[in-house]
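See below for the structure under consideration.
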Amino acid sequence: MSTAQSRYRALTTHRLFWPVVVLVALVVANTVYRPGFLSVQVRDGHLYGSLIDILRLSAPLILVALGMTLVIATGGIDLSVGSLCAISGAVACLYISRQPDQNSMGGVLTALALGLAVALVLGAWNGVLVAVIGIQPIIATLILMVAGRGLAQLITEGQILTINSSPYKAIGVGHLLTLPLAIFIALAAALLIAAVTRRTALGLIVESVGGNARASRLAGIRSARITFLVYVISAACAAVAGFMMTANVSSADGNAAGLWVELDAILAVVIGGTSLAGGRFSLGGTILGALLIQTLTTTVYAMNISPQTSLLFKAVVVIAVCLIQAPGFRARFTRRRRVPAPAAAGADETRKEQVPA
Amino acid sequence: MKRTRNSLPFRKAAAVLTAALLATGMAACGNSDTGGGSAGGDDKLVLGFSQVGAESGWRTANTTSIKESAAEAGVELKFDDAQQKQENQIKAIRNFIQQKVDVIAFSPVVESGWDTVLKEAKDAKIPVILTDRAVDSADKSLYKTFLGSDFKKEGRLAGEWLVEQKKSASGPVNIVELQGTTGSAPANDRKEGFAAAIAANPNLKIVASQSGDFTRAGGKQVMEQFLKANPKIDVLFAHNDDMGLGALEAITAAGKVPGKDITIITIDAVKDGMQALADGKFNFIAECSPLLGPQLMELAKKVHKGEEVPARIETEETTFTQEQAKEALPNRKY
C-alpha cells in the first residue's frame, strides 16, 4: 500500500472529515444556486456577505456549544443554556435600559458583569444539583430550562425590552479588523478553554470523570468538583452568548432569545465527534459542528426553501452527517461497494441476486 | 413549579367560593354596579383564561387589557400562561373545568388538536370563548364564539394599500415576505389575504417568502439573506412589527434606507412598530388590536347567562400611514 493511499485513508477516517465535506458541500450548493453567495464586499469599512453573516450568527452557538462540550465530556448534559441566554441578556438589557445614558461604557460593563454574575449563580445551582445532590443531569438542568424562561420573562415583565446602546450593540453587530466582533469573542473563549483544558491536565481529568467518575475519584480526582465546574463554565458561555443574541437585535426578548439553542448546541457537539457517553471531547469539532448548523440555517433562507419543508431538509442533512460519520455504517457501505469490483464472478452473483427481487 | 402555581389559584378559588357562599345573602344587592343593567344580583362571574404566552409586545398588551377589564367589569379572572405549549394550555383548560369556572376563554397556541378537551368543557356545561386565534374543529358547537381579529382581512388591507401605492408602477415590483410561525393561523391567513389582494396587479410579485417566527432575531436573520439573494427588493411585507423591526437593522446594514429604498408594510401596530412608522422607517401598518378585554368581558357575561351571541365577532381595528402614526402615537396604550 503506497503512502498516498494510506494518507488518503487517514484523511477519510479522520472523525472531522465528513462534517467538513458536508460543510463544503453546503457552501458549494449555495454557490451553484447563486454564484454571489461567496462574494464578500467591503461596506462601511467592514466585510459584508453571506459568509460573514454565517460567522457572526454562529458565534453565540459556538459559545454555548463549547460549554456544552465540557459538560457532555463529563457524561452530563445541560438543557438550561437556552434559558440562561435569555436570563443573562434580559438582566443586562434591563440594567442598561435603566441608565440615564445608555451609551456609557461603565454602565454597559456593569450590565455585563451583572448578567454574567446571575448566570454563574444559576450555573452553580445546576452544578450543585448534579455534583452534590446527585440528580441526573438531564433532569437537574431541565428544571432551569423550564423555570428559567419564566424567570427571563419576569425580568423583562413579559415585554420585549428595547435598548439603544451602541457599546452593547457592538457585542452583537460590531466589527474588529473588518470581521464581526462576535466571532472574535467566540474564538477567544475557544482558545481560553482549549488552553485551560489541553495545556493543563484539566481536559484529561474532565475526560476521566466522564469515563468513570467513581474510578477517577478513587484515583484521587475530585470528581464532584470537576462536574460542578463544567456546569459553571457552561453557564458563563451561555451568558456571553445571551449578550450577543440580545445585542444583535438591541432588545431582550425573554421568550425567544436562545430558544432551542440547547438542542442546536448538543447537535453541534455530536457532529463534532464528542461522545454523548462522555469520556472524550473535541473543541475543534464542536466549532465545526456549530458552523455547519448555522450554514444549514442560512442555506435554507438563501436558497428560499419553503418554511414547510425546511425542517425536513435540515433533518435529512443532519441524519446524513451522523450516518456517514458512524464507522459501522460507513464500513457496511464501502464493503458492499467493493464486493463486485475484484472478480467478475462476484458481479454475476450480485446480478443473480437482483433478479428475484 | 407548575404544581404550586396551579394549586395556589385552586386553593384561592376554594376560599373565594366559601366566602361567596357566605356572602351571597348580603352581597346580592351590593354589587349591582358591576353587574351592569339587567344583570341584577349575579354571583361574581369566574372566567378562566389561558394565554398563549408572552411572545411579543402585542401579547403583553393583550394580557394587560384582559386583566384590567376583568377588574373593571368585576369578573374574577383565573389567568394561565401556556408559554407557547399546547399541552400546557390543555392542562390549564382541564384545571378550569375541575375548578368549575363559569366561562373558559383561551387563545389557542395552534389550530388543531382541541376537540377532546373542548368536548370535556362542553360535557361540564362550561361555555368556551376563543379569543384572537381560531381552532379548526369541525364541530362548531364546541365553542360559543370566536372573538378576534380577522387575519385574512389584515393581510388584505396591507395588500390593498400596496396595490393602491403601486398602481402606476410600469415594471415588476419585487416583494419579499417574512412569515410568522409556520402553521400558525395569523401566518397562514395574513399570507393568504395579502396574496389575494396583490393578485389584482400582475406586476406585484412575491420573490421570496420565509418564516421569521414572529421574532426580531428571526426577521433580521432572514432579511439578511433576502437582501443578498435578491438584488432588487422593492417591498417588504412582514407578518408582524417585530420581524419588521429586525429586518430594519438588516436593511440598514445593507446600506439601504428603510421606508425609501424598500417600502415596508407590517401588521400589529405595537408601540415600537408605530414609532418606526412615525419615524418614516415603516410605510404602512394594518392594526391588529390586542385590546379585546372589554369585548371579552361583555361576551363572557352574555354566554354565562345563556344569551345567544354571534359565532364570529371581530375586534375593532384600523390601519395607519406614517402621518396617522404621528398623530396616534402619543395616545397609544401599548
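Overview of results
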{"read-out": "Distance from segment B:76-140 to segment A:186-213 (C-alpha centre basis), Å", "value": "50 Å"}
{"read-out": "Simple Cβ-charge dipole of chain A, Lys/Arg +1 and Asp/Glu -1, about Cα centre, in debye nearest 20", "value": "1320 debye"}
{"read-out": "Relative contact order for chain A, counting Cα pairs under 8 Å that sit 6 or more residues apart, in percent", "value": "29 percent"}
{"read-out": "Calculated Rg and Dmax of chain A using C-alpha coordinates, Å", "value": "22.9, 84"}
{"read-out": "Helix-only [θ]222 nm of chain A, DSSP H runs n ≥ 4, -39500 (n - 2.57) each, per residue, nearest 500", "value": "-23500 deg cm²/dmol"}
{"read-out": "DSSP bridge pairs, the protein assembly as shown: antiparallel proportion in percent, nearest 5", "value": "20 percent"}
{"read-out": "Rounded tilt (10° steps) of A:261-271 against the dominant C-alpha axis of chain A", "value": "30 degrees"}
{"read-out": "Where GluC sites (Glu not before Pro) in DSSP loops with at most 13 other Cβ within 10 Å are excluded, longest remaining stretch of chain B", "value": "B:1-306"}
{"read-out": "Cα-Cα separations in segment B:151-288 greater than 24 Å, expressed as whole percent", "value": "17 percent"}
{"read-out": "Lysines whose Cα lies under 17 Å from that of residue B:271, excluding same-chain neighbours fewer than 8 positions away", "value": "B:281, B:326, B:333"}
{"read-out": "Distance violations [Cα-Cα > 26 Å] among B:85/B:119; B:78/B:301; B:166/B:228; B:44/B:85; A:314/B:220; B:78/B:305", "value": "B:44/B:85"}
{"read-out": "Between helix A:344-354 and chain A: long-axis angle, C-alpha atoms, 0 to 90°, nearest 10", "value": "70 degrees"}
{"read-out": "Helical contribution to [θ] at 222 nm, DSSP H n ≥ 4, -39,500 (n - 2.57), averaged over chain B, rounded to 500", "value": "-14500 deg cm²/dmol"}
{"read-out": "By accessible area with a 1.4 Å probe, ligands and nucleic acids excluded, highest first: order of B:220, B:167", "value": "B:167, B:220"}
{"read-out": "Kyte-Doolittle mean at least 0.0, axial Cα span of 15 Å or more - DSSP H helices of chain B", "value": "B:2-27, B:241-253"}
{"read-out": "Cα centroid separation, segment A:269-305 to segment A:36-102 (Å)", "value": "15 Å"}
{"read-out": "Among beta bridges that DSSP assigns inside chain B, antiparallel share in %, nearest 5", "value": "5 percent"}
{"read-out": "Set of aspartates and glutamates with alpha-carbon distance to residue B:122 below 17 Å, sequence-local pairs under 8 removed", "value": "B:102, B:136, B:139, B:307, B:308"}
{"read-out": "Distance histogram in 10 Å bins (all Cα pairs of the protein assembly as shown, percent per bin)", "value": "3, 13, 21, 23, 19, 12, 6, 2, 0, 0, 0"}
{"read-out": "Mean projection area, nm², convex hull over Cα of segment A:177-284", "value": "8.2 nm²"}
{"read-out": "Computed FRET value (nearest 0.05) for residue A:117 with residue A:217, which takes r as the C-beta separation and R₀ as 41 Å", "value": "0.85"}
{"read-out": "Share, in percent, of DSSP beta bridges within chain A that are antiparallel, nearest 5", "value": "100 percent"}
{"read-out": "Among A:191, A:312, A:204, residue whose mean-square fluctuation peaks in a GNM of chain A (springs only between Cα atoms under 10 Å)", "value": "A:312"}
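The values are calculated or read from the model by the stated rules, or taken from the named source; none is laboratory data. Since the structure is predicted, the reported quantities are computational estimates derived from the model, not experimental observations. Virtual Cβ from ideal backbone geometry, glycine too; neighbours counted across all protein chains shown. Surface areas here come from the heavy atoms of the whole protein model, side chains and all, with no ligands, DNA or RNA. Shrake-Rupley method; radii C 1.70, N 1.55, O 1.52, S 1.80 Å.
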